[in-house]
Number of protein chains: 4
Amino acid sequence: MSYSGVVPPLATPLKESGDLDLDSLTRLIEFMIDAGVHGLFLLGTSGEAVFHDSASRTRVLEHAVKTINGRLPVFAGVIDTATDRVTDHARAAKAIGVDAVVATAPFYAQTDQAEIRDHYRYIREKADIPVVAYDIPFCTHVKLRRDTIVELAQEGTIIGLKDSSGEDREFRQVLLDLAGHPDFFGFTGAELVVDSALAMGAHGVVPGLGNVDPAGYVRLWNAFKRGDLAEARREQERLCILSEINGVAIGRVGLSSALSGATKTALRERGIIATNMVARPQQVLNDNEAAQIRKILADVGLI
Amino acid sequence: MSYSGVVPPLATPLKESGDLDLDSLTRLIEFMIDAGVHGLFLLGTSGEAVFHDSASRTRVLEHAVKTINGRLPVFAGVIDTATDRVTDHARAAKAIGVDAVVATAPFYAQTDQAEIRDHYRYIREKADIPVVAYDIPFCTHVKLRRDTIVELAQEGTIIGLKDSSGEDREFRQVLLDLAGHPDFFGFTGAELVVDSALAMGAHGVVPGLGNVDPAGYVRLWNAFKRGDLAEARREQERLCILSEINGVAIGRVGLSSALSGATKTALRERGIIATNMVARPQQVLNDNEAAQIRKILADVGLI
Amino acid sequence: MSYSGVVPPLATPLKESGDLDLDSLTRLIEFMIDAGVHGLFLLGTSGEAVFHDSASRTRVLEHAVKTINGRLPVFAGVIDTATDRVTDHARAAKAIGVDAVVATAPFYAQTDQAEIRDHYRYIREKADIPVVAYDIPFCTHVKLRRDTIVELAQEGTIIGLKDSSGEDREFRQVLLDLAGHPDFFGFTGAELVVDSALAMGAHGVVPGLGNVDPAGYVRLWNAFKRGDLAEARREQERLCILSEINGVAIGRVGLSSALSGATKTALRERGIIATNMVARPQQVLNDNEAAQIRKILADVGLI
Amino acid sequence: MSYSGVVPPLATPLKESGDLDLDSLTRLIEFMIDAGVHGLFLLGTSGEAVFHDSASRTRVLEHAVKTINGRLPVFAGVIDTATDRVTDHARAAKAIGVDAVVATAPFYAQTDQAEIRDHYRYIREKADIPVVAYDIPFCTHVKLRRDTIVELAQEGTIIGLKDSSGEDREFRQVLLDLAGHPDFFGFTGAELVVDSALAMGAHGVVPGLGNVDPAGYVRLWNAFKRGDLAEARREQERLCILSEINGVAIGRVGLSSALSGATKTALRERGIIATNMVARPQQVLNDNEAAQIRKILADVGLI
């Protein structure tokens, strides 16, 4: 059981009221499938998972699994502070029918690498579902070390890694360490250097920006797979221009609002989701920022 | 409605199985009341709150409220990643009958100070219970800024501050800014400089070490209140020696394990709780470490 | 050979051209002596030492030693990246006739605590002058650990500590560890909690704000020494208000400019130094900021 | 005037006494030239520049310029705390005859991006020599922001960037922003992802590991230039194995010692330099560590 390709971490659409907007989620999923992506990741950092409680997370996963209906593999984020809570999310996700769960290290409390390894072992054993390690020290404030990932992969605790650490050199060493390991996959979250990551052996990409332009990432992937690295680079550089949407609100709002807000505003402008509402207490992007985002979307040919 | 004095952040005792040990919690609460503390704080960082799910948190609070039975004010930590989840915890805590909830800034996702202020406003409004702001950047990786605290206090959103930032200079400025504000209270979590914090105007202390020696902190408080600063200092310096228990396991286990483990091991050695079990995936202190802790307890006259 | 009391870290006055303004330095020194301070610290962080080359540092020290002429102990900062360069500064300072040098850990390159201890040993041995350890992790990005300080003090490598770490709890433990050590002194740089630091056993204070109001810190010291803690606190709280000058330019200029600029602007407004020029590439505070600083000086009775 | 290719940041060989070992430096330079590198960078972080005073730095540069004798471009690090000191180093380097100087942001004191830009402008104007910006936040604790680099390049203040930030995504955006700019060059210091960096448009590489295996980096470069990306990747992956030497002493000594020590030990084992002595107060790698390094050198065919 291995995975590869473009697996966007879906935004979680909201109504103006702040409630889940499942109709928009349906459209977002169909937009992804139409674009040819290879899997879907619900409730990741881009999905504002930590802003949602268990009930809300369950509704998102149930709706997604039903909508996707086996057309693509479904990964579910089970982001939470520590082992028991993550295990609970993982059990719920399994019951709903996702293919694998994606779990970070514990956060808020400081744990060491031995404790982090036990964290993953416990989740794997108790929830009995394939587990992907999610390395995102920018949010968790702890790095999943190279030897931790390698040990967990070799013993079969994790089936893959989603690397959002930005530390491409360590990611490369993990890929080299596990090059001979059957089925292990390493996905990069570094959406601006996907061509590089694939060239060094990454098996796929989980691009937040793929919400807005899934077809672009699919073209990048296909160009790489057929060996047309120049085209992969051109597509990546176009997506680098698109990524400027993420900077539009930085400074006026918090970083999380700026990123989630840019994604949702762009999706609204492209007609996929109904509002650019973000989860409480984040702030919504304003009309001026939306205008800047429209300009960037037009620059890269998306509207 | 204001508060003052010694308010220990209670450990959450566990059985060897990892389940809640409510009998030990009863003994711990009675140990506190016998020592003369002025309030109790359940489910703080020292209470390993983030390792517990909602059901477990509810059991702890229900048991504590029933056991305390109005003899002391009860503060409940509602530590979680973002606004809606914190609000849910706060509603549950209110229903159980605690006196106030203690909430950190959002974490994992990066929010700015304006968003943090909205976070507190929403919790206060929707849960309809007194809110204490909990500043612990070591865990949340964001500081509650002085102007944020002052604005929230002046508008009535928060009734007090628990300052575990270690930034005594900024804490002092908050105390000065709000010196004329009716009822606002500032509690320090800096358990090694309580005499200093009281001398600069703090209204109380929330000492993790107060689990192990509540009577010591009560003596410190009483000495300060009667103006015997030399005695307050002597008691504080004795407690500084006691605090060496926190360093015993550092390096061998993660920081959170080292601190929670030291507290629980000391409480076990003092005969208050049954085990030194810590919540998953933390590691338990070993016999060698327990022996070092016994030695320190003996040095300060606690066993 | 021990030291105590108020030892301001002097600003290094500049002309509009950026050259040293030794006439202003003379006036600043006499202003300090008139206020009754107990020592003077040249070329610290507040003295913008790292902006000055060896020749300029030599001119400052020669002028200061000549001007002070034995009326007060003179401490010289020897802040530089690594051991040999610091040793060179220390030798030059000794030849000029200062009483002790004040040295940080190496910075830019990452060294561990064993290497830091060797750093101090080498400086002490080769420069043959009393050495004070200067703990300022905000600038060096490494903490002088408690055990490092204690070992260096006990073996006679350092005569004292200037603690600008802001970690008052660790500072207190160092003071307790070395309470029985003859002559060791611990100075705090935490200018807003001097009353607290003295109450926990600090031997003196090195307040950047003491440039602007040396008499205030001397009054605080004297009140503490005669046991009038209430008066010490009142004076400290007045100085907390004065410290608001440090926030005036934050956001518009870099942090170093904001602090050095506030000190120099206040000294200019008080008529002590000629300009508020700061060393390259820092930015000078503007007229609007100067007006805000004048307002604060008036509020605390300094103009 | 632009540059490209493999430009190793040379180690600075020392005798057992700690004095400069210029004979070893000669051999190291000839080793580089024989391997076909395209330029040499003296007194970078790998050259332990911050451990050397001005006199020592001058001796290194004079010896290198004389030895190289125009056979390759010479870059000189002018790493120091602030503008005037850097400018002094730059003037000295110009007088010695280097081709360009490489300057970091100020460090120890906190400056903002506007001040950093002024820093570079002043150095460029007063030293009158081409300036390369050196982005190494791991040492300086400040990032050279994308807009700072672009502005400085477009106005002609800097001719290039050495990016040792590890933030490949921001580096890529700088390369894209300046793609149309005549002569600007971007060198990466990320020695484990050189193939990626070149593929995204980097003009060269400054690999610390290139001290040990310059021929490997030259092969990587040549493979890339002739379009043989598979061979570039193979060579890079071989160099990733070589990079394990950098981890051998981590934990036992400080990070700077571990890295400089690994480079020098490997060079000694290869017979290029006489000792593995590192600059004070760093610690020398021991025999056990040297044996591990020999093993790695053998694994990649270097001994």
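Against the definition (in contact (Cβ under 8 Å) with a residue 60 or more places away in the chain and in contact with a Lys or Arg (Cβ under 7 Å, 6 or more places away or on another chain)), how does D:Val218 come out, yes or no? Write out each step before concluding.
Details: in contact (Cβ under 8 Å) with a residue 60 or more places away in the chain: yes; in contact with a Lys or Arg (Cβ under 7 Å, 6 or more places away or on another chain): no.
Against the criterion (in contact (Cβ under 8 Å) with a residue 60 or more places away in the chain and in contact with a Lys or Arg (Cβ under 7 Å, 6 or more places away or on another chain)), D:Val218 does not qualify.
With respect to the numbered conditions (1) closer than 25 Å to B:Leu176 by Cα; (2) in contact (Cβ under 8 Å) with a residue 12 or more places away in the chain, which one is the sole condition not fulfilled by C:Ala230?
(2)
Condition first: open to solvent by 10 Å² or more (accessible area, probe 1.4 Å) and in a loop (DSSP other than H, G, I, E, B). Can you find one or more residues in region A:262-271 that meet it?
Among the residues of region A:262-271, at least one is open to solvent by 10 Å² or more (accessible area, probe 1.4 Å) and in a loop (DSSP other than H, G, I, E, B), which makes the answer yes.
State which residue is nearest to the other protein chains (Cβ to nearest Cβ) when the search covers only region C:158-175 and only residues that are under 23 Å from C:Asp118 (Cα atoms) and open to solvent by 10 Å² or more (accessible area, probe 1.4 Å). So that I can check it myself, show each step before the final result.
The first filter runs over region C:158-175 and keeps only residues under 23 Å from C:Asp118 (Cα atoms), leaving C:158-165, C:170-171, C:173-175.
Retained after the next criterion (residues that are open to solvent by 10 Å² or more (accessible area, probe 1.4 Å)): C:159, C:162, C:164-165, C:170, C:173, C:175.
On the way: C:Ile159: 20, C:Lys162: 15, C:Ser164: 12, C:Ser165: 10, C:Glu170: 9, C:Gln173: 6, C:Leu175: 10 Å.
By that ranking, first place goes to C:Gln173.
If a residue must be open to solvent by 10 Å² or more (accessible area, probe 1.4 Å) and out of contact with any Phe, Trp or Tyr (no Cβ under 6 Å at 6 or more places or on another chain), how many such residues does region D:147-157 contain?
Residues of region D:147-157 that are open to solvent by 10 Å² or more (accessible area, probe 1.4 Å), as a first pass: D:147, D:150-151, D:154-157.
With out of contact with any Phe, Trp or Tyr (no Cβ under 6 Å at 6 or more places or on another chain) added as a condition, the list becomes D:147, D:150-151, D:154-156.
Summing the residues that are open to solvent by 10 Å² or more (accessible area, probe 1.4 Å) and out of contact with any Phe, Trp or Tyr (no Cβ under 6 Å at 6 or more places or on another chain) in region D:147-157 gives 6.
Here is a yes/no grid of residues against (1) touching a Gly at 6+ places or on another chain (Cβ under 8 Å); (2) over 12 Å from D:Ile79 (Cα atoms):
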| position | (1), (2) |
| --- | --- |
| D:Ala92 | no, yes |
| D:Gly97 | no, yes |
| D:Thr104 | no, no |
| D:Phe107 | no, no |
| D:Gln110 | yes, yes |
| D:Gln113 | no, yes |
| D:Arg117 | no, yes |
| D:Asp128 | no, yes |
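Exactly one of these conditions fails for A:Leu144: (1) open to solvent by less than 50 Å² (accessible area, probe 1.4 Å); (2) within 26 Å of A:Ala95 (Cα to Cα); (3) within 14 Å of chain B (Cβ to nearest Cβ). Give me its number.
(2)
Just to check your reading of the model, which residue among D:Tyr108, D:Tyr122 is in contact with a Ser or Thr (Cβ under 6 Å, 6 or more places away or on another chain) and at positive phi? Don't jump to the end; show me each part of the working.
Numbers: D:Tyr122 fails: at positive phi.
Answer to the selection: D:Tyr108.
In region A:134-147, which residue that is under 19 Å from the mean Cα position of the chain (by Cα) and part of a loop (DSSP other than H, G, I, E, B) is nearest to A:Gly39 (Cα to Cα)? Reasoning before the result, please.
Here is the first cut: in region A:134-147, the ones under 19 Å from the mean Cα position of the chain (by Cα) are A:134-144.
Then drop every residue that is not part of a loop (DSSP other than H, G, I, E, B), which leaves A:136, A:141-144.
Working: A:Ile136: 20, A:His141: 27, A:Val142: 27, A:Lys143: 25, A:Leu144: 24 Å.
Per the criteria, the residue is A:Ile136.
Any idea which of D:Thr104, D:Thr111 is within 23 Å of D:Val7 (Cα to Cα) and hydroxyl-bearing (Ser, Thr, Tyr)? Break it down into steps so the answer makes sense when it comes.
Details: D:Thr111 fails: within 23 Å of D:Val7 (Cα to Cα).
The conditions single out D:Thr104.
Which residues, counting only those in region D:122-136, are free of Cβ contacts under 8 Å to residues at least 60 places away in the same chain, farther than 12 Å from D:Ile149 by Cα and of a type outside the set (Val, Ile, Thr)?
Listed by number, the residues that qualify are D:Tyr122, D:Arg124, D:Glu125, D:Lys126, D:Ala127, D:Asp128.
Might you check whether a residue that is more than 21 Å from D:Ala133 (Cβ to Cβ), assigned to a helix (DSSP H, G or I) and within 19 Å of the chain's Cα centre (by Cα) occurs anywhere in region D:221-232?
From region D:221-232, those more than 21 Å from D:Ala133 (Cβ to Cβ) are D:221-232; that's our starting set.
Keeping just the survivors that are assigned to a helix (DSSP H, G or I) gives D:221-225, D:229-232.
Next cut, within 19 Å of the chain's Cα centre (by Cα) only: D:221.
So far as region D:221-232 goes, yes, one or more of its residues are more than 21 Å from D:Ala133 (Cβ to Cβ), assigned to a helix (DSSP H, G or I) and within 19 Å of the chain's Cα centre (by Cα).
Could you say whether any residue in region C:250-271 is under 22 Å from C:Lys15 (Cβ atoms) and among the acidic types (Asp, Glu)? Working first, answer last.
From region C:250-271, those under 22 Å from C:Lys15 (Cβ atoms) are C:253-254, C:256-271; that's our starting set.
Within this subset, residues satisfying the condition of being among the acidic types (Asp, Glu) are C:269.
Checked against the condition, which is being under 22 Å from C:Lys15 (Cβ atoms) and among the acidic types (Asp, Glu), region C:250-271 yields at least one hit.
Got at least one residue in region B:18-38 being within 14 Å of chain A (Cβ to nearest Cβ) and free of Cβ contacts under 8 Å to residues at least 60 places away in the same chain?
Of the residues in region B:18-38, the ones within 14 Å of chain A (Cβ to nearest Cβ) are B:18-20.
If we keep only those that are free of Cβ contacts under 8 Å to residues at least 60 places away in the same chain as well, we get B:19-20.
Scanning region B:18-38, I find at least one residue that is within 14 Å of chain A (Cβ to nearest Cβ) and free of Cβ contacts under 8 Å to residues at least 60 places away in the same chain, so the answer is yes.
Could you list all residues from region D:238-264 that are within 13 Å of another protein chain (Cβ to nearest Cβ) and basic (Lys, Arg)? Please lay out each step first, then the result.
Taking region D:238-264 as the starting set, the residues that turn out to be within 13 Å of another protein chain (Cβ to nearest Cβ) are D:238-244, D:246-247, D:249-261.
Of everything in region D:238-264, those that are within 13 Å of another protein chain (Cβ to nearest Cβ) and basic (Lys, Arg) turn out to be D:Arg238, D:Arg252.
Please verify whether D:Phe51 is under 17 Å from the mean Cα position of the chain (by Cα) and either closer than 21 Å to D:Arg270 by Cα or among the small types (Gly, Ala, Ser) (or both), treating the condition exactly as stated. Please lay out each step first, then the result.
Numbers: under 17 Å from the mean Cα position of the chain (by Cα): yes; either closer than 21 Å to D:Arg270 by Cα or among the small types (Gly, Ala, Ser) (or both): no.
Judged against the criteria, D:Phe51 is not a match.
If I go through region B:148-169 residue by residue, how many of them are part of a helix (DSSP H, G or I), modelled with pLDDT of 95 or more and of a type outside the set (A, V, I, L, M)? Show your work before the answer.
Just the residues of region B:148-169 that are part of a helix (DSSP H, G or I), to begin with: B:148-154, B:168-169.
Retained after the next criterion (residues that are modelled with pLDDT of 95 or more): B:148-154.
Applying the additional criterion that residues be of a type outside the set (A, V, I, L, M) yields B:148, B:151, B:154.
Number satisfying all stated conditions: 3.
Out of curiosity, is D:Val7 surrounded by 19 or more Cβ atoms within 10 Å (Cβ to Cβ), touching a residue at least 60 places away in the same chain (Cβ under 8 Å), more than 14 Å from every other protein chain (Cβ to nearest Cβ) and in contact with a strand residue (DSSP E or B) (Cβ under 6 Å, 6 or more places away or on another chain)?
Values: surrounded by 19 or more Cβ atoms within 10 Å (Cβ to Cβ): yes; touching a residue at least 60 places away in the same chain (Cβ under 8 Å): yes; more than 14 Å from every other protein chain (Cβ to nearest Cβ): yes; in contact with a strand residue (DSSP E or B) (Cβ under 6 Å, 6 or more places away or on another chain): yes.
Here the answer is yes, as D:Val7 does meet what is asked.
Any chance region B:242-256 includes a residue that's within 20 Å of B:Lys162 (Cα to Cα) and either crowded, with 23+ Cβ neighbours inside 10 Å or without any contact (Cβ under 8 Å) to a residue 12 or more places away in the chain (or both)?
Among the residues of region B:242-256, at least one is within 20 Å of B:Lys162 (Cα to Cα) and either crowded, with 23+ Cβ neighbours inside 10 Å or without any contact (Cβ under 8 Å) to a residue 12 or more places away in the chain (or both), which makes the answer yes.
Quick check on this structure: which one of A:Glu191, A:Glu235, A:Glu231 is within 11 Å of another protein chain (Cβ to nearest Cβ), in contact with a helix residue (DSSP H, G or I) (Cβ under 7 Å, 6 or more places away or on another chain), farther than 21 Å from A:Asp287 by Cα and not polar (S, T, N, Q)? Please lay out each step first, then the result.
On the way: A:Glu235 fails: within 11 Å of another protein chain (Cβ to nearest Cβ); A:Glu231 fails: within 11 Å of another protein chain (Cβ to nearest Cβ).
None of the other options fit; the residue is A:Glu191.
Which pairs do you get when a residue that is within 14 Å of another protein chain (Cβ to nearest Cβ), found in region B:265-285, comes within reach of a residue that is open to solvent by 50 Å² or more (accessible area, probe 1.4 Å) and among the hydrophobic types (A, V, I, L, M, F, W, C), reach meaning Cβ atoms under 9 angstrom, with the pair 6+ apart or on two chains?
The qualifying pairs are B:Met277/B:Val284; B:Val278/B:Val284.
The values are calculated or read from the model by the stated rules, or taken from the named source; none is laboratory data. Everything numeric here is computed off the predicted structure, so don't read it as measured data. No Cβ is skipped: glycine too gets one built from the backbone with ideal geometry, and neighbour counts run over all protein chains shown. The protein model used for the area step is the full one, side chains on, heavy atoms only, and it has no ligands, DNA or RNA in it. Shrake-Rupley method; radii C 1.70, N 1.55, O 1.52, S 1.80 Å.
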